[in-house]
Structures are given as C-alpha cells and as structure tokens.
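What follows draws every value from the coordinates through simple rules; no lab data is involved. All figures in this text were calculated on a predicted structure; none of them were measured in a lab. So basically every Cβ, Gly included, is an ideal-geometry build from the backbone, and we count neighbours across all protein chains shown.
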Amino acid sequence: MRILSVVGARPNFMKLAPVDRALAQRADVEHEIVHTGQHYDPQMSATFFEELWLPAPDHHLGVGSGSHAVQTAAVLERLEPVLEANRPDVVLVYGDVNSTFAAALVAAKLGIRVGHVEAGLRSRDWTMPEEINRVLADRLSGLLFVPSRDAIDNLRAEGVPDDRIHFVGNVMIDSLCWALERARERDPAARHGLSGTPYVVVTLHRPANVDDPCTLRELVDSLSCLSDAGPVLFPVHPRTRKNLHALRLGGGRGAGVHPNLRLVEPLGYLDMLGLVAGAALVITDSGGLQEETTYLGVPCLTVRPNTERPVTCVHGTNRLVPPRRDVILAAARRALERPSLARPVIERWDGRAAERIVRVVCDDERFDAEDPGRVKDFAIPMADPVLLEYAAF
Ligand code: UD1
C-alpha cells in the first residue's frame, strides 16, 4: 500500500510525526512525505523535523509565502504532478492550513482517497481562513479522523455518513506523550532564566489579533502590565514580528516593551513543550496550545471570540478572552491565584490516535462513537462564548 502525507506549516509537523512512526512499523506500507514549503524558516520547519525524528521530506514543493490564493494555487499546481507520478492509494492531510485544503483538492480531483487527520472541528467563524480550509478538506475526504466527540456531531450535522467518521483521538497529544519527558529533561525554563519563578508563556499570530495595529497594541499593553507581576516569555511568530516592527515595538532586544516581557525567536517543539508544561499560565491564539495545555492541566487564556476545540473549554483548562486589557488581566490574575487543578482527562487523548489511524487506513478497522448519550453532552453552548467562558473561569 502506498500512502502519501502532505504537510506544509508548523502545526502540521507534530500531527504527522506519530502517524509516520506508526506507518514505519508496517512492512506492507510505503509512506512518502510531501512538504509544500508553506513554512520555510528553519525554526518554523526544519527544527521540527529534527526534534520529532521525522525523515526528510521525499518531495519539497517550495511554495513559500503569498496571499491565500497564490499560496493555495501554488500547492495545487506543484502537487498534482507528484501525485500523478506516485499514484498513492491514500493521501493524508493534517489540520486546517492552506496546504491541507489544497492537497485534499488535488488528490480528490485525481480520484485518490483522502484521509483528513483532525477532521470535524468547527469554529463556525467563516472569517477564519482555517474554518474554510477545515470544511472544504472534510468535504473532500473519504476518511475523517476526528479527535473528539464534538467533531462527530459537527460532521453528522453536515450530513456526513457515519461510515466515513473515525473517532481515533488526538494525534497532537500522541506527539506530546512521546516527547514530554525529553522536553522536561532539557530544562528550557532554566535556559531562559525562569527557574523557580511562576512565568507566563505567550503566542499570538492570528491575523485578527496581530494584523490590526490597535488590537496588537492593546495585547502588548496587556502583556506589559502582566509582566509587572513576573516574567512573560513571548516566542514571536514571523507574521507578528513584522507587525510589531511596524509599530516600533519589540525591535532589538524588545525595545518599547516592559523588560519582563521577553520577546524571543520562535522556539522548537521540545523547548516550547517543556516551557508550557512548567508554565503558570499560557496566553495564546493557537489551536494546538489549547489542546496541549488542557492535557497538561496548565491554565490557558485563548484570545479569540470562539474556538473549534470546545472540549478544551468544557472539560479542559481553556478560557476564551477578547483582546481587551481589563479582561485579560482579570482572567490572568484569577488563573495565577488559583491552586492547580487535577489534570483533565479527555476521551481518546491517550497517545494512541496514530495507531488507530493506521489500523483504519491499512486494515479497514472502524473506531466508532457508539454512545449517543455522550454525544449529546457535547452540544456545546457556543452562543456568546466570550462572556460564557469568561464567566465560568
Ligand atoms: C499558518 C496557518 C495557520 C497556522 C499557522 C501556524 C493558514 C491559512 N494559516 O498561518 O492556521 O496556525 O500557520 O504558524 O494556512 N513567514 C515567515 N517564515 C515562515 C513562514 C511564514 O517569515 O517560515 C511569514 C511570511 O511573511 C508570511 C507570514 O509569515 O507571509 C504568514 O505565513 P502564512 O503561512 O501565510 O500563515 P501563518 O500566519 O503562518
């Protein structure tokens, strides 16, 4: 059997790694990796391949940055000949980035079976490019690998038949389980001078938060205020760095911001995981960090009006906040003052999702969610999520 995985951006790589390892154990499977090149800086890409023990990609499309249309079109054009030459039985796509949707479209049009890893997540926010990518990638996929029960509900509501849906769990958590001990042993907190003191880790890169100068200023102000109380480590995504520079913030060693607010280059997977595992609080707009903090039991404030990962709010440690200084500071104080809670346990976030995916793809096994009562529990109140989740904090 020939399987080809297509990845392109940072959050894809930790989802691919456990699937690649599980496929490598099968003598009857040939697995090739295509890197679209959507992310190309070493610290956004190559570092992840090394730290996750991923083999070098078999094909590199070198699409780079561009508008959504340009980036998507470049993947369509450059992936088609690779699929025509290789004719895989299944193409696996991961997450919700532009490369995910583009690869699903090329494969589906060539009549190749598509498997979407992390299917069924919905923010119901059509202004997010990721939401468009998710819905379209799911529509094009014959195999939908869902991480949580809410995703099953979403797919059923869109008319997707049950036989396409496989409740396998969360591959992001597979990578976390695989790496956590090594990440802690590297003691990244000590290297960043954070040992023995409660610290906050921040990531912000969504266009809604960082492309509008007023919003970005308000967020930096909030973090500066928060850093009066203790160190705040902010590994800065290239998009955010560019926008901070335009506001004359964060240049040089972090000019224009509080000295306790430390702006650093994007971190590798292991250092980031080690730092998050030891953090008192995480403030983010990333999808993956909402899940990782929930698994680790670390309080998380997500600066967004909605989330496609409601399980992290309902059962986990995640709370949504608007990009407003008063709200962020109040929520952060509450989280920092609170004694640590028991680590939440989320169904099938157990480090074995990739193994289940391989059993579905290679052995035609099924992983159903036969328990309608529990599915009903997941009718998440998404109306007015900001106030609702904030009130619950
Ligand atoms: C992409 C994903 C987003 C994901 C994020 C993780 C889409 C629509 N968005 O957003 O879902 O959460 O990745 O990081 O696919 N750049 C560099 N070096 C790089 C990559 C990007 O400098 O290696 C800069 C470029 O100026 C580029 C900008 O960052 O224009 C944005 O990159 P892009 O891939 O378009 O989207 P992200 O914001 O990274």
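The sum of -39500 (n - 2.57) across all DSSP H runs of n ≥ 4, divided by the residue count of the chain, sets its helix-only mean residue ellipticity at 222 nm to -13500 deg cm²/dmol. Counting 0.36 nm for each residue step from LEU76 to ARG26 and taking away their Cα separation leaves a gain of 15.0 nm. The residue among GLY37, ALA56, VAL82 whose Cα reaches farthest toward the positive pole of the charge dipole of segment 16-83, with charges on the beta-carbon of Lys, Arg, Asp and Glu, is GLY37.
Computed from point charges on the beta carbon alone (+1 for Lys and Arg, -1 for Asp and Glu), the dipole magnitude for segment 123-205 about its Cα centre is near 260 Debye.
Of the peptides 304-310, 187-193, the order by per-residue mean of other Cβ atoms within 10 Å, starting with the highest, comes out as 304-310, 187-193.
Where does the charge balance sit around LEU273 when Lys and Arg score +1, Asp and Glu -1, over other residues with C-beta under 11 Å from its C-beta? Intermediate results must be reported in sequence, preceding the final value.
On the way: positive: ARG182, ARG184, ARG186; negative: GLU51, GLU181, ASP271, GLU292.
Net of charged neighbours comes to -1.
Approximating the spin labels as points 7 Å out from Cα along Cα→Cβ, the ARG182-to-GLU265 distance works out to 2.1 nm. Compute the long axis of helix 10-24 from its Cα atoms, compare it with the longest principal axis of the Cα atoms of the chain, and write down the angle in degrees, 0 to 90, nearest 10. Taking the Cα atoms of the chain, the angle to 10-24 is about 40 degrees. Can you classify segment 1-146 as rounded, prolate or oblate using the Cα gyration tensor, where a ≥ b ≥ c are the square roots of its eigenvalues, rounded means a/c under 1.5, and otherwise it's prolate if a/b beats b/c and oblate if not? Cα axes put segment 1-146 in the rounded bin. With the convex hull drawn around the C-alpha atoms of segment 188-346, the volume per residue stands at 104 Å³. Considering only LEU140, ALA27, PRO198, and ranking their Cα positions along the charge dipole of the chain that arises from unit charges at the beta-carbon of Lys, Arg, Asp and Glu, the one farthest toward the positive end is PRO198. Each Lys or Arg adds one and each Asp or Glu subtracts one; over the other residues with Cβ under 13 Å from the Cβ of PRO213, this totals -1. Computed from Cα positions, the angle between helix 213-226 and the longest principal axis of the chain comes to roughly 60 degrees. Each peptide in 91-97, 212-218 receives the mean, over its residues, of other Cβ atoms within 10 Å, and ordering these scores from highest gives 91-97, 212-218. A Cβ-based charge dipole, computed about the Cα centre of segment 188-346 with Lys and Arg at +1 and Asp and Glu at -1, lands at about 140 debye. Our summary of shape: the Cα atoms of the chain have principal axis extents of 57, 47, 40 Å, ordered from largest down, in whole angstrom.
Peptides 114-122, 219-227, ordered by how many other C-beta atoms sit within 10 Å of their residues on average, highest first, read 114-122, 219-227. Taking the C-alpha atoms only, the angle from helix 325-337 to the longest principal axis of the chain is near 90 degrees. Summing Lys and Arg as +1 and Asp and Glu as -1 over all other residues whose Cβ lies under 11 Å from the Cβ of VAL7 gives a net charge of +1.
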